[in-house]
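What follows is a set of notes on a single structure, which appears directly below.
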Amino acid sequence: MAVLEVKDLIKKYGQGESEVIALDQVTFSVERGEFVAIVGASGSGKSTLMNMIGGIDYPTSGSIIIDGNEIQRMREDELAIFRRRNLGIVYQFYNLIPTLTAEENIALPWKLDGRKENKARLTEIVQMLGLENRAKHLPGQMSGGQQQRVAIARAIAAQPPVILADEPTGNLDSASTQEIMEILKGLHEAGHSVILITHDNEIAEQAKRVVRILDGKIVEDYVNT
Ligand code: ADP
Ligand code: MG
């Protein structure tokens, strides 16, 4: 079953002479457990697509179905809850809360959802991401790679059906980049569905499947063996 279906997605910005078609009839789907990279140069429409899938902005037309739910039919408040439960989003600049420890950042989605913190799961995730010695540290006391590991831990804490990473290595040196890529591969091997957005071909090729976007259109879609 598809965890993500994008159908005939069109996104236009502006009007008249200043109109920009950022996404032009984009259609693709991601099956459960896939590791897909969406790759394209700057201005190709990656962030726009990310914002549509993440429910941050609405498309001009077309639909996005996550785990069977058509998200643009939801009200804003429903969408906020849906997003928290179903999408684990990893950002280029980590987006951690600076005043919370690593552990507290990881548990934040549970808290926001009014759920009790699951100590066993927290310990498991902290171990899985090699953060045992950083659990009580604040983001400012960690390297970029460590902060991104915390952000990934937070994204997967509630076991969302889709993990969406937008240029997760864009702010990291090459060693940390590879470390983060190995973690994403590991999540895929553990059965998670991972969608990686990047401008970097070399990084994209580390995913199982590559979807290339150019001027708002999908121009290539292939599987690496
Ligand atoms: P990428 O993330 O691949 O660099 P974007 O999705 O940011 O590409 O942009 C795709 C196209 O849409 C570009 O031509 C960009 O200038 C345009 N665009 C993006 N956001 C806006 C906006 N808010 N208003 C107008 N044009 C936009
Ligand atoms: Mg972008």
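Worth pointing out:
- Residue within the stretch 174-182 that is of a type outside the set (Val, Ile, Thr), open to solvent by 10 Å² or more (accessible area, probe 1.4 Å) and closer than 26 Å to residue 83 by Cβ present: no
- Single residue of 8, 57 found to be of a type outside the set (Val, Ile, Thr) and within 16 Å of ligand 2 (Cβ to nearest atom): 57
- Qualifying residue in the stretch 217-225 (condition: within 28 Å of residue 26 (Cβ to Cβ), outside any strand (DSSP E or B), open to solvent by 40 Å² or more (accessible area, probe 1.4 Å) and without any contact (Cβ under 8 Å) to a residue 24 or more places away in the chain): yes
- Of all residues making up the stretch 188-219, the number that are within 14 Å of ligand 2 (Cβ to nearest atom), within 23 Å of residue 172 (Cα to Cα), touching a helix residue (DSSP H, G or I) at 6+ places or on another chain (Cβ under 8 Å) and not aliphatic (A, V, I, L, M): 2
- Once the stretch 21-43 is narrowed to residues that are surrounded by 19 or more Cβ atoms within 10 Å (Cβ to Cβ) and not in a strand (DSSP E or B), the residue that is farthest from ligand 2 (Cβ to nearest atom) is 34.
- Residue list for the stretch 192-206, restricted to those being more than 14 Å from ligand 1 (Cβ to nearest atom), assigned to a helix (DSSP H, G or I) and surrounded by 17 or more Cβ atoms within 10 Å (Cβ to Cβ): 203
- Scanning the stretch 44-79 for residues that are open to solvent by less than 20 Å² (accessible area, probe 1.4 Å), part of a strand (DSSP E or B) and within 16 Å of ligand 1 (Cβ to nearest atom) turns up just one, 64.
- Number of the condition not met by residue 182 [criteria: (1) within 16 Å of ligand 2 (Cβ to nearest atom); (2) of a type outside the set (Ser, Thr, Tyr); (3) under 18 Å from residue 37 (Cβ atoms)]: (1)
- Taking every residue in the stretch 39-52 that is basic (Lys, Arg) and pairing it with any residue that is open to solvent by 10 Å² or more (accessible area, probe 1.4 Å), at least 6 positions away or on another chain, the pairs with Cβ-Cβ distances below 8 Å are 46/166; 46/199.
The values are calculated or read from the model by the stated rules, or taken from the named source; none is laboratory data. Everything quoted here is computed from the prediction, not taken from an experiment. Positions of Cβ are backbone-derived with ideal geometry, glycine not excepted, and every protein chain shown enters the neighbour counts. These area figures cover heavy atoms from the full protein model, side chains too; ligands, DNA and RNA do not enter into them. Shrake-Rupley method; radii C 1.70, N 1.55, O 1.52, S 1.80 Å.
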